[in-house]
Amino acid sequence: MENSNQPIVTIRNLTKSYRRGIQVIPVLEHINFDIPEGEFLALMGPSGSGKSTLLNLIAGIDKTDTGTIMVGGLDITSMTETELARWRATNVGFIFQFYNLIPVLTAFENVELPLLLTWLSRKERRDHVEMALQMVGLADRMDHYPSQLSGGQQQRVAIARAIVTDPTLLVADEPTGDLDRISAEEILELMARLNREFGKTIIMVTHDPHAAERAHIIRKLEKGILNAHSQTHL
Amino acid sequence: MHILKLIFRNALRHKLRTALTILGITIAILAFGILRTLVNAWYSGVEASSSTRLISRNSISLVFSLPLSYKEKIRQIPGVKGVSYAIWFNGTYISEKNFIPNFAVEPKTFLELYPEYLLPEDRKTAFIRDRKSAIAGRKVAERFQWKVGDTIILKGTIFPGTWEFVLRGIYYGAERSADETQLFFHWNYLNERLKKTTPRRADQTGVYIIGIDDPDQAAEISEAIDKTFKNSLAETLTETEKAFQMSFVTMTQAIVTVIQFVSFLVIIIIMAVVANTMAMTARERIGEYAIMKTLGFGGWHIAILILGESLIITITGCVFGIILTFPTAEYFGKTMGSFFPVFSVSVITIFLDIAAAFFVGLLAAVFPTWRAVRIQIADGLRRIG
Ligand SMILES: Nc1ncnc2c1ncn2[C@@H]1O[C@H](COP(=O)(O)OP(=O)(O)OP(=O)(O)O)[C@@H](O)[C@H]1O
Ligand SMILES: [Mg+2]
């Protein structure tokens, strides 16, 4: 990792709480956290500890209370809704637990969806989509609808959708949480490859210690506090 | 792929729900169109009336007649081009159900004043020459399958007895608005019989029809006519043909207002139905909208998705509704032809149909769109799984 000492994500003094009526529920407290570029990081911790919340904040789909999050040198906490949307479209790829494909679109069309926001021509879009689907090994399933694919295949389509815009950062919230062991293994291998061969920085939330082993670093979140003693592989 | 494709696929997602909503709109547009056409038909007599014709009647009521001797005096009033006269005969053909408006008229002057009733020249002369003849409009002739030369028998109501006529011609309307459902026969024929049976009713007419050159002078000429017969035994009330026709319509103005109100009510009801469909649809897809937002789509993309789907549904329903309006109107026109001489769908009605469909489609999508656009991504994603 040549750039490993240059952080792609810098979090300073981050707090986040939710309001339920008059009750304020603190979720994240004074998080300070750097993620080097090209890293494959696993975020673990008990349910309700705020893993998804932290991931969403880094990916720019939720708002912080205080503190700053810098991604790729940009302070995303000061961006407007529209700026954030544009930023996400080009810089972040999302992988969810339940794949979250659009059911009425084919695998091809699902992967093409983020490209509709670009100025690419029809043909360029087609090339990108085919390349992405090839990378996840589903070039022969382009015209299938999500309901015609297995869970593992759907998740691979979702990964293709996440990488089709060539973002630097991939965020995954329990990407194997809904898959059997073999499919999960395939997905993890695919992610490891994207990290290894294409230098994608990956932040993955997981409950599964087995999945976490594929990451270089494991950080533990406990009651909204990031554990300082993280295990590091490699 | 285009975003339109996604809109179409979304619309087809719940086929039954979409189909039922479209059916609802189709029926609403059809009902709206027919009710509007009905209102138009109501006013068609007014529309068809000429602004160069005045009608003079007994100032007390239409029930009372005017002496024939007024004819010459009216003719002499400046601005008057021609005078004819007519009596509302109200004879029954076979049965009361077969309503045909029928009048005793002075044929020559009458046809001169009504150039919109077209008749071949030889038929016209045949009609004028034969004292016992009648002419009928195309629609009524078709309805009873009358041919020229047929004998038509009317049972008198106002004027008792049996009245026989030979059909000498069938007239056509020069314009669509012209009434083709009437029957006209000779005033003379009626008068001669009245002389024998009830002499005190003879030499009278129901109304005078007065042709004028300049519509702008209608008021002054009307006034001049009424002044001429002031303080005589039968005073006149003269007005334009339009105003005269209008006085029949206003009697039923309340009904027309109710029909108009109902036609708009139908649109409001269907709006509630479409709004409900769109609210259900958008609620189900909140998670998907959140995903699209995550991918970088903006609020207005989501708005286009929902609005587009809503409009596709309403416009489709509207198209079906319009297509069905024409045969339905024709059917109504046939079965109620005698009540509504003109029963045809106007261009304005079609425009109103389309406007209503757009209005419903847009308004029904407003609330779901607002909710979908406003929702926080993190909250939307939380609803999945
Ligand atoms: N929109 C919200 N409104 C109120 N409370 C929320 C909201 N989102 C999250 N929370 C609360 O914040 C805390 C952290 O939630 P989060 O989803 O980040 O946990 P997590 O670590 O991802 O848990 P899990 O492993 O179960 O996914 C929880 O107590 C949750 O109830
Ligand atoms: Mg979570």
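The values are calculated or read from the model by the stated rules, or taken from the named source; none is laboratory data. Remember, predicted model here, so these are calculated numbers, not experimental data. Using ideal geometry, Cβ is built from the backbone for each residue, glycine included, and neighbour counts are taken over all protein chains shown. Note: areas computed on protein heavy atoms with side chains; ligands, DNA, RNA excluded. Shrake-Rupley method; radii C 1.70, N 1.55, O 1.52, S 1.80 Å.
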Completion exercise
Most fluctuating of A:196, A:125, A:20 in the GNM of chain A (C-alpha, under 10 Å) is A:20
Practice task
Could you let me know the centre-to-centre spacing of the stretch A:131-199 and the stretch B:339-370, using Cα atoms, in angstrom?
Solution key: 48
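If contacts are Cα pairs under 8 angstrom and at least 6 residues apart, what is the relative contact order of chain A in percent?
27
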Practice task
Let me have the 222 nm mean residue ellipticity of chain A computed from DSSP H runs of 4+ only, each contributing -39500 (n - 2.57), with the sum over all residues rounded to the nearest 500.
Solution key: -9500 deg cm²/dmol
Practice task
Would you compute, for the Cα atoms of the stretch A:152-218, the largest minus smallest coordinate along each principal axis and list the three values in descending order, in whole Å?
Solution key: 28, 27, 18
Exercise for the section: Choose one of B:136, B:113, B:146: the residue whose Cα lies farthest towards the positive end of the charge dipole of the stretch B:105-148 (beta-carbon charges +1 Lys, Arg; -1 Asp, Glu; about the Cα centre). Expected result: B:146
Fill in the blank from the handout: Accessible-area order for B:383, B:53, largest to smallest, probe 1.4 angstrom, reads B:383, B:53
Fill in the blank from the handout: So the compactness index of the stretch A:71-134, its C-alpha Rg divided by 2.2 N^0.38 Å, takes the value 1.29
Exercise for the section: Between residue A:192 and residue B:147, with labels modelled 7 Å along Cα→Cβ, what's the label distance in nm to one decimal, could you check? Expected result: 9.8
Problem - Length released on extending from residue B:116 to residue B:62, taking residue separation times 0.36 nm less the Cα-Cα span - result: 17.0 nm
Exercise for the section: State the Kirkwood hydrodynamic radius of the stretch A:48-183 in Å, one decimal place, computed from all pairs of distinct Cα atoms. Expected result: 15.7
Handout entry: For q = 0.11, 0.19 Å⁻¹, Debye-computed log10 I/I(0) when each Cα of the stretch B:60-234 counts as one equal scatterer
Key = -0.49, -1.32
Exercise for the section: Do me a favour and compute the ellipsoid semi-axes for chain A from its Cα gyration tensor, root of five times each eigenvalue, largest one first, whole Å. Expected result: 29, 20, 18
Fill in the blank from the handout: In chain A, whole DSSP H helices that both stretch 30 Å or further along their axis by alpha carbon positions and average at least 0.5 on the Kyte-Doolittle scale are none
Exercise for the section: Report, to the nearest whole %, how much of the accessible area of the stretch B:60-234 belongs to carbon and sulfur atoms, 1.4 Å probe, protein only. Expected result: 52
Handout entry: chain B: Cα Rg divided by the 2.2 N^0.38 Å rule of thumb
Key = 1.41
Practice task
Between residue A:139 and residue B:264, take the C-beta separation as r, use R0 = 60 Å, and let me know the FRET efficiency to the nearest 0.05.
Solution key: 0.60
Handout entry: Debye, to nearest 20: dipole size of the protein assembly as shown, +1 on Lys, Arg Cβ, -1 on Asp, Glu Cβ
Key = 2000
Handout entry: Buried on assembly, the stretch A:114-144 (at least 50 Å² less accessible surface than by itself, 1.4 Å probe)
Key = A:116, A:117
Exercise for the section: Go ahead and estimate [θ] at 222 nm for chain B from helices alone: -39,500 (n - 2.57) per DSSP H run with n ≥ 4, summed, over the residue count, rounded to 500. Expected result: -18500 deg cm²/dmol
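I'd like the FRET efficiency for residue B:348 and residue A:123, computed as 1/(1 + (r/R0)^6) with the beta carbon distance as r and R0 of 45 Å, rounded to 0.05. List each step's numbers first, then the result.
On the way: r = 47 Å, r/R0 = 1.05.
The value I calculate is 0.40.
Kirkwood Rh over Cα pairs of the stretch B:140-225 into Stokes-Einstein at 10 °C, 1.306 mPa s: D in µm²/s? Before the final figure, lay out each step's value.
Working: Rh = 16.2 Å.
Diffusion coefficient, whole number: 98 µm²/s.
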Practice task
Let me know the whole percent of all Cα-Cα pairs from the stretch A:140-188 that are separated by more than 15 Å.
Solution key: 47
Exercise for the section: Stick to the Cα atoms of the stretch B:202-248, pair each with every other, and give me the Kirkwood hydrodynamic radius in Å at one decimal. Expected result: 11.8
Fill in the blank from the handout: The ³J(HN,Hα) series, computed from each phi in the stretch B:184-189 with the Karplus coefficients 6.51, -1.76 and 1.60 at θ = phi - 60°, rounded to the nearest Hz and given as x for glycine or proline, is 10, 9, 6, 4, 4, 4
Completion exercise
Taking alpha-carbon centroids only, the stretch B:32-96 lies from the stretch A:92-107 a number of Å equal to 74
Exercise for the section: Evaluate the Debye formula for the stretch A:1-80 with equal point scatterers sitting on the alpha carbons, no solvent, and hand back log10 of I(q)/I(0) at q = 0.13, 0.25 Å⁻¹, in q order, two decimals. Expected result: -0.42, -1.29
Practice task
Would you work out what percent of the accessible area of chain A, with all protein chains in place, is carbon or sulfur (probe 1.4 Å)?
Solution key: 50
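What does the convex hull of the Cα atoms of the protein assembly as shown come to per residue, in Å³, rounded to a whole number? Please list the in-between numbers first.
Details: hull volume 141.7 nm³, N = 619.
Measuring per residue, one finds 229 Å³ for the Cα hull of the protein assembly as shown.
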Exercise for the section: Please state, rounded to one decimal and in Å, the Kirkwood hydrodynamic radius that the stretch B:197-351 gives when every pair of distinct Cα atoms enters the mean of 1/r. Expected result: 22.3
Exercise for the section: Provide the percentage of antiparallel DSSP beta bridges, counting only those with both residues in the protein assembly as shown; round to the nearest 5. Expected result: 70
Fill in the blank from the handout: In degrees, nearest 10, the alpha-carbon axis of helix B:347-374 is tilted away from the dominant principal axis of the alpha carbons of chain B by 20
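Past the 15 angstrom mark, what percentage of all C-alpha to C-alpha distances in the stretch B:10-85 do you count? Spell out each step's value before the answer.
Working: 2132 of 2850 pairs.
When all Cα pairs of the stretch B:10-85 are counted, 75 percent exceed 15 Å.
For the stretch B:60-234, what's the relative contact order in percent, using C-alpha pairs closer than 8 Å and at least 6 residues apart?
On the way: 304 pairs, mean separation 59.8, N = 175.
So the answer I get is 34 percent.
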Exercise for the section: Report, in whole Å, the centroid distance computed from the Cα atoms of the stretch B:270-290 and the stretch B:112-141. Expected result: 62
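Remind me, relative contact order of chain B in percent, using alpha carbon pairs under 8 angstrom and six or more residues apart?
Numbers: 633 pairs, mean separation 110.2, N = 385.
This gives 29 percent for chain B.
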Exercise for the section: Would you please give the FRET efficiency between residue B:255 and residue B:129, computed as 1/(1 + (r/R0)^6) with r the Cβ-Cβ distance and R0 = 45 Å, to the nearest 0.05? Expected result: 0.55
Exercise for the section: Would you mind working out the magnitude of the charge dipole of the stretch B:60-234 relative to its Cα centre, with +1 at each Lys and Arg C-beta and -1 at each Asp and Glu C-beta, to the nearest 20 Debye? Expected result: 820
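Out of all DSSP beta bridges with both ends in the stretch B:60-234, state the antiparallel percent to the nearest 5.
Values: 23 of 32 bridges.
So the antiparallel bridges amount to about 70 percent of the total.
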